[in-house]
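Worksheet for the structure shown next.
The values are calculated or read from the model by the stated rules, or taken from the named source; none is laboratory data. Bear in mind that the values here come from a model prediction, so they are computed numbers and not experimental data. Note: ideal-geometry Cβ built from the backbone for every residue, glycine included; neighbour counts use all protein chains shown. Surface accessibility is based on the protein's heavy atoms, side chains included, excluding ligands, DNA and RNA. Shrake-Rupley method; radii C 1.70, N 1.55, O 1.52, S 1.80 Å.
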Amino acid sequence: MKKELAKTYNPKEIEDRLYQKWIDKKYFHAEPDETKKPFTIVIPPPNITGQLHMGHALDNTMQDILIRFKRMQGYNAMWQPGTDHASIATEVKIIEQMKKEGIEKEDLGREGFLERAWEWKEKYGNKIIEQLKKMGSSCDWDRERFTMDEGCSRAVEEVFCKMYHKGLIYKGSRIINWCPACHTSISDAEVLYEEQVGHFWHIKYPVVGTDEFLEFATTRPETMLGDTAVAVHPEDERYRHLVGKTVKVPFVDREIPIIADEYVDREFGTGVVKITPAHDPNDFEVGKRHHLPEINILNDDATINENGGKFVGLDRYEARKQIVRELEHMGLLVRIEEYSHNVGTHDRCKTTVEPLIKQQWFVKMEELILPAIKAVKTGEIRLVPERMEKTYFNWTDHIKDWCISRQLWWGHRIPAYYCKKCKKIIVAKSNEVPKTCPDCGYSKLEQDPDTLDTWFSSALWPFSTLGWPDQTKDLEYFYPTDVMITGYDIIFFWVIRMIFSGYE
């Protein structure tokens, strides 16, 4: 009996069966083999936030072509697969889903929320892996990893503790980017700057004991509630006679000094700058130089806090409107001009971020970044296309200490513990936490509630997936990896961080 050839191609009859045969015969699996030269690619682990998109399809197809080509050339080729827990992105998705059910995050508590997050991971993490398989991706599935699996989590603890005891990680109060919607700090790399039409409000402060005023311009009038100085350039003849005197900040009945600092551009505007150390990174530095108080005027949801006088409880933008209106009545509003400027927004939720001072955990970057700069300059690491070097060096040249703590529940919890009596900080791996405080002997220690920035763990991906911190055969043979194919938009989020973490 003749079998008729199907008129249309039905992939279900062929692809699943063929792919399963490849898996069963371990065609994609690689073990260390000193008789062959290794070639290693680590997959940029997709976030477990839902499903793959076209960008993933293109990116993984390119990796698949390259790894198959290298296998055919006789290399011992290994393509390391896995997924990323994506702290903020995943937590946002889960909270959105819970809201539809009428459940708040706090209703579940931390443990209940984490149970729900792991359920999400099982549902969507597996979906993503199945999609990659359906595409025919020739990953080494025997090696599949997750950034919060036991091995990766152990690597994260190891790195945090080592870097803390080496003095490369510290806790301190600095200006950070705060998202009022997600209620967490975010790194500089997670802030998108977009041009918005705003305003310059020209305001004048009365100089105490004189009939003079100092006029300045600001795009955020509400921050005047936290002003602790007004600055002029030390060589500006117009204001030299006023340095050392004070001005009166309306609404909060505060006298603040007039200081001289070279930060001020005397050619821009009136040559006078209000200084709000708790709400601007440049003002923060000026404040440190002049020992100024740091007054935070915002709650975590961007409403005005107890330092805001009569405006307590108002949303930041409502407070702005009322302050401008009242300044006009008081005769202290000089004029308003339209002004286009770059405004920072959170890349995840698009909310305008607030620079504000908070206690957070930071990585000192000045020393760490040096080998990563040298590697690209000497050609040890090559960026393709070469023009991406400009993006790379633009970030390394303007490097700031990296804020790594996040006010989230989903993620790697910071391995720092506080004595509830003497407040000592104890940084230790989970299996090495002392039973009592080493300073005062008190028995109640409390773990830091914050989690680590997702990029802190994914920066370890090329070697944590190969068994580090143990010196495994896999690590010795397959690391360092040979190529990384990823989106240009995460060169500074991820690629640079993998490079400096690898060197460290």
Under the condition of being open to solvent by less than 50 Å² (accessible area, probe 1.4 Å), small (G, A, S) and more than 21 Å from E255 (Cβ to Cβ), which residue from segment 314-344 is farthest from the chain's Cα centre (by Cα)? A319
Residue check for I94: hydrophobic (A, V, I, L, M, F, W, C) and either in a loop (DSSP other than H, G, I, E, B) or open to solvent by less than 20 Å² (accessible area, probe 1.4 Å) (or both): yes
For segment 354-387, name all the residues that are among the β-branched types (V, I, T) and either modelled with pLDDT under 95 or exposed (fewer than 15 other Cβ atoms within 10 Å of the Cβ) (or both). I357, T378, V384
Among Y193, Y239, which is the only one that is out of contact with any helix residue (DSSP H, G or I) (no Cβ under 9 Å at 6 or more places or on another chain), surrounded by 22 or more Cβ atoms within 10 Å (Cβ to Cβ) and aromatic (F, W, Y)? Y239
State the number of residues belonging to segment 115-133 that are touching a residue at least 60 places away in the same chain (Cβ under 8 Å) and surrounded by fewer than 16 Cβ atoms within 10 Å (Cβ to Cβ). 1
Residues of segment 286-311 being free of Cβ contacts under 8 Å to residues at least 60 places away in the same chain and closer than 22 Å to E215 by Cα, which ones? V286, G287
Would a scan of segment 134-145 turn up a residue that is of a type in the set (D, E, K, R), within 29 Å of K12 (Cα to Cα), over 24 Å from the mean Cα position of the chain (by Cα) and at pLDDT below 95? yes
Those residues of segment 455-491 that are more than 20 Å from F160 (Cβ to Cβ) and either open to solvent by less than 10 Å² (accessible area, probe 1.4 Å) or touching a residue at least 12 places away in the same chain (Cβ under 8 Å) (or both) come to a total of 17
Inside segment 225-253, can you point out the residues that are part of a helix (DSSP H, G or I) and either farther than 20 Å from G309 by Cβ or touching a Ser or Thr at 6+ places or on another chain (Cβ under 7 Å) (or both)? G226, R240, H241, L242
Any idea which residue in segment 433-451 is surrounded by the most Cβ atoms within 10 Å (Cβ to Cβ), counting only those that are under 15 Å from F160 (Cα atoms) and touching a Pro at 6+ places or on another chain (Cβ under 9 Å)? D448
Say we look at segment 260-312 and pick out the residues that are out of contact with any helix residue (DSSP H, G or I) (no Cβ under 6 Å at 6 or more places or on another chain) and aromatic (F, W, Y); which of these is farthest from E237 (Cα to Cα)? F284
Just for segment 1-49: of the residues that are at pLDDT 95 or above and among the basic types (K, R), which one is farthest from N76 (Cα to Cα)? K21
State yes or no: is Q80 touching a strand residue (DSSP E or B) at 6+ places or on another chain (Cβ under 6 Å) and at pLDDT 95 or above? yes
Find all pairs meeting these conditions: Cβ atoms under 9 angstrom apart; at least six residues apart or on different chains; first residue within segment 58-75 and open to solvent by less than 60 Å² (accessible area, probe 1.4 Å); second residue in a helix (DSSP H, G or I). N60/L132
Taking the condition over 17 Å from E294 (Cα atoms), modelled with pLDDT of 95 or more and among the aliphatic types (A, V, I, L, M), does L225 pass? no
H199: passes all of (1) in a strand (DSSP E or B); (2) open to solvent by 30 Å² or more (accessible area, probe 1.4 Å); (3) farther than 15 Å from I323 by Cβ but (3)
Can you find, within segment 177-196, the residue that is farthest from L408 (Cα to Cα) among those that are in a strand (DSSP E or B), at pLDDT 90 or above and not hydroxyl-bearing (S, T, Y)? N177
Restricting to segment 39-51, name every residue that is more than 21 Å from the chain's Cα centre (by Cα) and either surrounded by fewer than 19 Cβ atoms within 10 Å (Cβ to Cβ) or over 28 Å from G467 (Cα atoms) (or both). Q51
Looking at Y164, Y205, can you tell me which residue is modelled with pLDDT of 90 or more, out of contact with any helix residue (DSSP H, G or I) (no Cβ under 8 Å at 6 or more places or on another chain) and either open to solvent by less than 10 Å² (accessible area, probe 1.4 Å) or at positive phi (or both)? Y205
From E157, E222, grab the single residue that is over 18 Å from L327 (Cβ atoms), in a helix (DSSP H, G or I) and not aromatic (F, W, Y). E157
Here is a check on your reading of the model: is G172 on the phi < 0 side of the Ramachandran plot, surrounded by fewer than 21 Cβ atoms within 10 Å (Cβ to Cβ) and small (G, A, S)? yes
